[in-house]
Every structure is written in structure tokens, then in C-alpha cells.
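Asker: A single structure is presented below for examination.
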Amino acid sequence: GGFTAAHPGLNVTMNAPRGYGDLGTRDEDLYITFLPQALAPPDAVHLMDVAFFPVAAPHLTAGRSFNSVSQVLDYPLLHLDGRQDWSSWAGAAGWEGDLPQGGVIFQDIAIMAAAARAGQGVALGDALTSSADLARGELIRLHPHDWPSPRSYWLIEGAKPQSEGRRAFTEWLKAALSA
């Protein structure tokens, strides 16, 4: 909303990728993607790193947060793009046991967050994608450990020629993320 308010004459079209790093034919103006640095194109602009932590609807845990990894793992786990996410978080938090089996796997973090808000389980959120839900009290942070993601957000230019809209959005996004 901030960009369209500042630039009312520019049209914005948002497309959701089919998967991480899916840049299609790069025939649009700009792409924001979530990739490991090794897979980012040489001309990509690093936007930000993120770290993941467990979040859940307050009613799922009766508003409690935990210092024990095992207490977090007692709840149904919601996975993003496979089951490695929770294994990585738990291992980094010092867990040495087996992880519970099961839990729904999502391909979209927004849908996974909606499931977490509905109380369907515990998700791994981050400061960027969970901040509004945390501020509204729709999600709570369950454990203090942060797991730094091996992926970062990148801004990648498409094949179209440079435009005023591309320049304006790039400048606005950098300023918004540095604020």
C-alpha cells in the first residue's frame, strides 16, 4: 500500500511463483525471490536475511510459550516445502531426538500462516512474514531460539528494459526494508 500511495500513476501486478527460485522467463520488470546466495543470479540485489522461530495461535497453547524444544514439538507441526524445516530448527536449538512424524506440508507460507492462526498447528515464522500476526496477537512466539535461514530475499531485474516504475519500486523497497 505504501508504494501505490506514493506512486498512484504506476500499475503493479503481483504474481506468485510456483516454487522457491522460480523466475520463469524473467520477462517482467522485477522479481523478489527467496534463494540461497549460491543460486542468486550475479545481478541480484540482496534485500534481507531471515531467521525462523516457532509460532502458533494463542488458543492452541493456552497463551503459553516454552523454553523446551520438546514442549514445542508436542504440538502438530506445520511444514513449509518439505519436512526439513523443523528438523533444521530443532537441531539448531539443541534437539537430538527424533521429530514427530506427520503434519501438513504447505507450498505457500501465507497459507501455512493461515493454518497456524486457525490453530491447526505450530509453524516456523520469521520477523518479516509473521510480524503483523504477532503484533495483532493472532500468533505468539513459542520459543526463543532463532534458526538463520540458508535462504535470503533477493530482488532480481527482469529482461524488460529499465523503466521509471522499476526504478521507483526498487528505491521504495530498499527504503522500506531499511526503516
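Any read-out appearing in this document is the output of simple, stated calculations on the displayed coordinates, not a laboratory observation. Predicted model, so just to flag it, every value in this text is computed and none were measured. Positions of Cβ are backbone-derived with ideal geometry, glycine not excepted, and every protein chain shown enters the neighbour counts.
Asker: If I take every Cα pair under 8 Å that is 6 or more residues apart in segment 75-179, average their sequence separation and divide by the length, what percent do I get for the relative contact order?
Answerer: Numbers: 72 pairs, mean separation 29.5, N = 105.
The value is 28 percent.
Asker: How much of the pair distance distribution for segment 32-75 lies past 14 Å, counting alpha-carbon pairs only, in percent?
Answerer: Values: 580 of 946 pairs.
In whole percent, the long-distance tail amounts to 61.
Asker: What's the extension gain from residue 38 to residue 13 if we count 0.36 nm per residue and subtract their Cα-Cα distance? Walk me through the intermediate numbers first.
Answerer: On the way: separation 25, 0.36 × 25 = 9.00 nm, distance 2.79 nm.
Once the chain is fully extended between residue 38 and residue 13, it gains 6.2 nm.
Asker: Follow-up. Note down the nm distance, to one decimal, between modelled labels 7 Å out along Cα→Cβ at residue 115 and at residue 146.
Answerer: Distance between the two pseudo-spin positions: 2.6 nm.
Asker: From the convex hull of the Cα coordinates of segment 135-179, what is the mean projected area in square nanometres?
Answerer: 5.7 nm²
Asker: On to the next question. Quick one: what are the phi-derived ³J(HN,Hα) couplings along segment 107-123, Karplus 6.51/-1.76/1.60 with θ = phi - 60°, whole Hz, x for glycine and proline?
Answerer: 9, 9, 5, 5, 5, 5, 5, 4, 5, 5, 4, 7, x, 7, x, 9, 10
Asker: Also: With θ set to phi - 60° and the Karplus curve 6.51 cos²θ - 1.76 cosθ + 1.60, what are the ³J(HN,Hα) couplings of segment 172-179 in order, to the nearest whole Hz, using x for Gly and Pro?
Answerer: So the Karplus estimates, Gly and Pro as x, are 4, 4, 4, 5, 5, 6, 8, 6 Hz.
Asker: So what does log10 I(q)/I(0) come out to for segment 63-172 at q = 0.16, 0.22 Å⁻¹, using the Debye formula with one equal point on every Cα and no solvent?
Answerer: -0.78, -1.28
Asker: Between residue 84 and residue 67, what is 0.36 nm times their sequence separation minus the Cα-Cα distance? Round to one decimal in nm.
Answerer: The span from residue 84 to residue 67 would gain 4.0 nm if fully extended.
Asker: Then there is this: Under a Cβ-Cβ cut-off of 15 Å, what is the net charge of the residues other than residue 71 that fall near it, where Lys and Arg count +1 and Asp and Glu count -1?
Answerer: Charge balance in the 15 Å sphere: +1.
Asker: With the contact rule set at Cα under 8 Å and sequence spacing of 6 or more, what percent relative contact order holds for the chain?
Answerer: 40 percent
Asker: Moving on to the next point. Where a ≥ b ≥ c are the square roots of the eigenvalues of the C-alpha gyration tensor, would you call segment 67-117 rounded, which needs a/c under 1.5, or, failing that, prolate if a/b is larger than b/c, or oblate?
Answerer: prolate
Asker: Name the residues whose placed amide hydrogens come within less than 5 Å of the amide hydrogen of residue 125, ignoring near sequence neighbours (fewer than 5 apart) on the same chain.
Answerer: Distant-sequence amide H within range of residue 125: 53, 55.
Asker: Now a separate question. If R₀ is 41 angstrom, what is the calculated FRET efficiency for the pair residue 162 and residue 51, using the beta carbon separation as r and rounding to 0.05?
Answerer: Once rounded, the FRET efficiency stands at 0.80.
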